[in-house]
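Okay, so here's the structure we're looking at.
The values are calculated or read from the model by the stated rules, or taken from the named source; none is laboratory data. Remember, predicted model here, so these are calculated numbers, not experimental data. For neighbour counting, all protein chains shown are included, and Cβ atoms are generated from backbone atoms with ideal geometry for every residue, glycine included. Heads up: the accessible areas ignore ligands, DNA and RNA and are worked out on the full protein's heavy atoms, side chains in. Shrake-Rupley method; radii C 1.70, N 1.55, O 1.52, S 1.80 Å.
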Amino acid sequence: MRDGDLGVVILAGGAATRLPGKLEIENREGLALLLAVYRNVQPCGPVVVAGNGNLSPRVDGELPCPIVLDRFQGLGPLGGLVSALPALRTRLAFVVAGDAPNVGAAVVRRLRDVWEDGLQAVLPVNRLGIPEPLCALYERSALLEAASAELYRSGSAARAAAGLRCKHVHFLDDRVFLNVNTAADRYTVLQ
């Protein structure tokens, strides 16, 4: 589903305090979580990983894409976005968390299919009606500007996205938004 106008940012710079090393936990196929997320979204376009320098040499060496160090470590996902978005040269950027193994090309395609001129974002909305700003499609330059503005204000990806002209797409299956944050998630999400 390559679209020359679309790139991907994988956020992989969190502290993982509840499950240290989570991005390197292997799934059923023996693939590290971050590598599985990369494999899922790679068909969509060029990928950039926003990281904090804490990946093992094995995972770092297996990622066939640029890893941009988060210049704003400790400021959450917005710091990673502000660091990584300039490395993409595409008009659109799909953003995904590095611990979200169920997100792939089908999600990106669904969001891309409803994109219209004048929009700055297409955000999925979960079954409870809550937008998912870290699994969304953005106009790259608009997201960079919004993320930069919110970085030191609220640090909230939701607030940065809320200020954009966006369309919402409802997803009834919340499994797509599951991520791995705890030891219990390791067994429920990855198995």
Original post:
If contacts are Cα pairs under 8 angstrom and at least 6 residues apart, what is the relative contact order of the chain in percent?
Top reply: 24
**OP:** Select one label from [x] 15.2, 42; [y] 18.6, 65; [z] 19.9, 66: the one whose number is Rg and Dmax of the Cα atoms in Å as derived from the coordinates shown.
**Re:** [x]
**OP:** Express the accessible area of the chain per residue in Å², computed with a 1.4 Å probe while the remaining protein chains stay in the model.
**Re:** 47
Subject >> Label-point separation, Tyr187 to Arg71 (7 Å along Cα→Cβ), nm >> reply: 4.4
Original post:
What size of dipole, in debye to the nearest 20, comes out for the chain about its Cα centre when the only charges are +1 on Lys and Arg C-beta atoms and -1 on Asp and Glu C-beta atoms?
Top reply: 100
Original post:
Hey, what angle do you get for helix 140-151 against the long axis of the chain, alpha-carbon based, 0 to 90 degrees rounded to 10?
Top reply: 70
Original post:
What does the charge dipole of the range 1-68 about its Cα centre add up to, to the nearest 20 debye, if the Cβ of each Lys and Arg holds +1 and the Cβ of each Asp and Glu holds -1?
Top reply: 180
**OP:** Using a 1.4 angstrom probe on heavy atoms only, work out the carbon and sulfur share of the accessible area of the range 63-155 in %.
**Re:** 52
Subject >> Hz values of 3J(HN,Hα) by residue in the range 104-119 - Karplus curve (6.51, -1.76, 1.60), Gly and Pro given as x >> reply: x, 4, 5, 5, 4, 4, 4, 5, 5, 5, 9, 4, 10, 4, x, 7
